Each structure stands twice: as C-alpha cells, then as structure tokens.
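A quick write-up on the structure given underneath.
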C-alpha cells in the first residue's frame with residue numbers, strides 16, 4: 001500500500017488499511033501479516049495495532065526490514 005506524500009496525514013492510509021482488514025475478516029481471516037522498511041511505514045503500522053514479529057537487520061545495507069502481524 002502506498003499513499004502519495006501530498007495526500008498523507010489525512011487519514012487515507014488508515015482508511016485503506018481498515019478496508020483491507022474488514023475484507024480479510026469477511027473472508028474468515030484471523031491474522032494479517034506484512035513487511036516494511038525503517039525508511040517507509042514502520043511507525044504507521046505500529047499505530048494501527050500491528051506488532052513486529054521479526055526483523056532483518058542491514059537489509060538493505062544500513063536499514064532494517066520489519067515483519068508485522070495483527071490478529072483480527
């Protein structure tokens with residue numbers, strides 16, 4: 001998921017993610033998982049209730065890749 005910088009801080013990312021979660025629930029999903037980098041949306045997903053369950057350090061070099069999960 002990507003929200004262009006000019007549209008950020010308007011709640012659009014939260015709304016889009018909520019729609020994805022609602023759709024997943026309607027299919028009977030119990031868990032969502034995703035990944036992002038430290039230079040992308042790590043803090044956004046933490047605010048949305050996702051928990052980090054894994055980290056790849058220095059991937060890419062100088063950065064971390066985070067794996068998140070959220071129980072529905």
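What follows is calculated from the coordinates using simple rules that are stated; it is not laboratory data. These figures come from a predicted structure and were not determined experimentally. Every residue, glycine as well, gets a Cβ built from its backbone with ideal geometry; the counts of neighbours run over all protein chains shown.
One table, with the values for the structure above:
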{"quantity": "Where only C-alpha atoms are counted, convex hull volume of the chain per residue in Å³", "calculated": "87"}
{"quantity": "Relative exposure of 10, 42, judged by other C-beta atoms within 10 Å (fewest first)", "calculated": "10, 42"}
{"quantity": "Residue exposure sequence - 61, 51 - by fewest surrounding Cβ within 10 Å", "calculated": "61, 51"}
{"quantity": "Efficiency of FRET between residue 27 and residue 58 - r from beta-carbon atoms, R0 30 angstrom, step 0.05", "calculated": "0.25"}
{"quantity": "Region 5-71: relative contact order as a whole-number percent, Cα under 8 Å and 6+ apart", "calculated": "33"}
